[in-house]
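The values are calculated or read from the model by the stated rules, or taken from the named source; none is laboratory data. In this text, all values refer to a predicted model and were calculated from it rather than measured experimentally. Neighbour counts run over all protein chains shown; Cβ positions are idealised from the backbone, glycine included. Calculation scope for accessible area: heavy atoms of the full protein, side chains included, ligands and nucleic acids excluded. Shrake-Rupley method; radii C 1.70, N 1.55, O 1.52, S 1.80 Å.
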Amino acid sequence: MKISVIHGQTHKGNTYRLTHMLLEQLECKKEDISEFYVNGIGLCVGCAQCIYKDENLCPHRHGMQPIIKAMEEADVIIMDSPNYCMGMSGQLKNFCDHLGYRWMSHRPFDMRKKIGVGIATAAGMGAGKTAKAICSQMSWWSVGRTFRLAFALNAVNWEEVSEKPMGKLKKKIRRLANKINRSYGRVKPGLKTRILFKMMALMHKNMAWNEIETAHWKDNGWIS
């Protein structure tokens, strides 16, 4: 099982530790895990070069390419972020903005057999909303099955997490790890993904508003 981990922050706090607790229970070797931080990627300015012309024209391509390659090769993609103002970190959202051209509505890389995991923590409220937003991005990339791992730690620092919530967290991680281990190699895209993919295929076939994108769908054999 090859795993690509994308961290929404560089500091190794609560969310980072939770992610590594999950990694320890997944059936993979240490060398099969690739970890990335997105803080160094320049801000997306909405030039839309990636959509209308070529993603290689993005001025931040050098920072994006290693992560994209790892995602393409991975069986499992994990994205994590602490809850910042009821959402993912600005750095992680910026990373997702750079991948707008890979939405199913544009030029997706086929990820329908991959597993995605959205992870978020919060001292109080908001972790669930953040994890949901992360998984929504992956769904639009055509990731076949997504899982959420959201947890309110009721503490700012890891060392302050009391025994009871930590016990609940460990059980939650164990259940999720079992689901991922069982799903590995057997992923079938959910109904929502299948419907959206079919809709986007019809759009590109019947409403060829962007020749580059229509050619992409034809080259992959998704439309004739």
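Order 52, 84, most accessible first, counting only protein heavy atoms with a 1.4 angstrom probe.
These residues rank, largest area first, as 52, 84.
At 1.4 Å probe size, with the rest of the protein present, what percent of the exposed accessible area of the stretch 39-95 is carbon and sulfur atoms?
Numbers: 1620 of 2740 Å².
Accessible surface attributable to carbon and sulfur in the stretch 39-95 totals 59 percent.
Between rounded, prolate and oblate, where does the stretch 18-132 land on the alpha carbon gyration tensor, with a ≥ b ≥ c its root eigenvalues, rounded for a/c under 1.5, else prolate if a/b exceeds b/c?
Values: a/c = 1.87, a/b = 1.29, b/c = 1.45.
Oblate.
Which sequence of 217, 158 reflects their accessible areas, 1.4 Å probe, from the largest down?
Values: 217 0, 158 40 Å².
Order by accessible area, largest first: 158, 217.
Could you give me the ³J(HN,Hα) list for the stretch 132-138, computed from phi with Karplus coefficients 6.51, -1.76, 1.60 and θ = phi - 60°, whole Hz, x at Gly and Pro?
After applying 6.51 cos²θ - 1.76 cosθ + 1.60, I find 5, 5, 5, 5, 4, 4, 5 Hz.
Which one of 157, 94, 14 has the biggest mean-square fluctuation once the chain is modelled by GNM with Cα springs under 10 Å?
Looking only at 157, 94, 14, the largest GNM fluctuation is found for 157.
Report, to the nearest 10°, how far helix 14-23 tilts away from the longest principal axis of the Cα atoms in the chain, using its own Cα long axis and a range of 0 to 90°.
Rounded to the nearest ten degrees, it is 80.
Helix 61-73 versus the longest principal axis of the chain: what angle, 0 to 90°, nearest 10, using Cα atoms?
80
P(r) for the chain, please, calculated from all Cα pair distances in 5 Å bins and given in %.
Histogram of Cα-Cα distances, whole percents per bin: 1, 7, 14, 18, 19, 16, 12, 7, 4, 2, 1, 0.
Under a point-charge model restricted to the Cβ atoms of Lys and Arg (+1) and Asp and Glu (-1), what is the dipole moment magnitude of the chain relative to its Cα centre, in debye to the nearest 20? Could you put the intermediate results ahead of the total?
Values: 34 positive and 19 negative charges, 224 e Å.
That gives the chain a dipole magnitude of about 1080 debye.
With contacts defined as alpha carbon pairs under 8 Å and 6 or more residues apart, what's the relative contact order of the chain in percent?
Once normalised by length, the contact order is 21 percent.
Taking amide H atoms as placed 1.01 Å from N in the peptide plane, list the residues 5 or more away in sequence, or in a different chain, whose amide H sits under 5 Å from that of residue 142.
So residue 142 has HN proximity to 104.
Stretched out fully, how many nm does the piece from residue 31 to residue 52 gain, at 0.36 nm a residue minus the Cα gap? Intermediate values should be presented prior to the final figure.
Values: separation 21, 0.36 × 21 = 7.56 nm, distance 3.69 nm.
Full extension from residue 31 to residue 52 adds 3.9 nm.
In sequence order, what are the phi-derived ³J(HN,Hα) couplings for the stretch 198-205 according to the Karplus relation 6.51 cos²θ - 1.76 cosθ + 1.60 with θ = phi - 60°, rounded to whole Hz, with x for glycine and proline?
In residue order, the calculated couplings are 5, 4, 5, 5, 5, 4, 6, 7 Hz.
Let me have the relative contact order for the stretch 86-151, percent, based on Cα pairs under 8 Å that are six or more residues apart. Can you show the working numbers first?
Values: 108 pairs, mean separation 26.9, N = 66.
It comes to 41 percent, rounded to a whole number.
Can you compute the helix-only [θ] at 222 nm over the chain? Use -39500 (n - 2.57) per DSSP H run of at least 4 residues, normalise by all residues, nearest 500 deg cm²/dmol.
On the way: 8 runs with 96 residues, N = 224.
Computed ellipticity for the chain at 222 nm equals -13500 deg cm²/dmol.
Identify which of 103, 141, 209 has the largest mean-square fluctuation in a Gaussian network model of the chain, with springs joining Cα atoms closer than 10 Å.
209
With every protein chain present, what is the per residue accessible area of the chain (1.4 Å probe, Å²)?
Numbers: 11500 Å² over 224 residues.
Solvent-accessible surface per residue comes out at 51 Å².
Looking at the stretch 140-200, which trypsin sites (Lys or Arg not before Pro) are DSSP coil and have at most 11 other C-beta atoms within 10 Å of their C-beta?
Sparse-neighbourhood loop trypsin sites (Lys or Arg not before Pro): 186.
Considering the alpha-carbon set of the stretch 77-165 alone, what are its Rg and its Dmax in angstrom?
Considering the stretch 77-165 through its Cα atoms, Rg and Dmax are 14.3, 47 Å.
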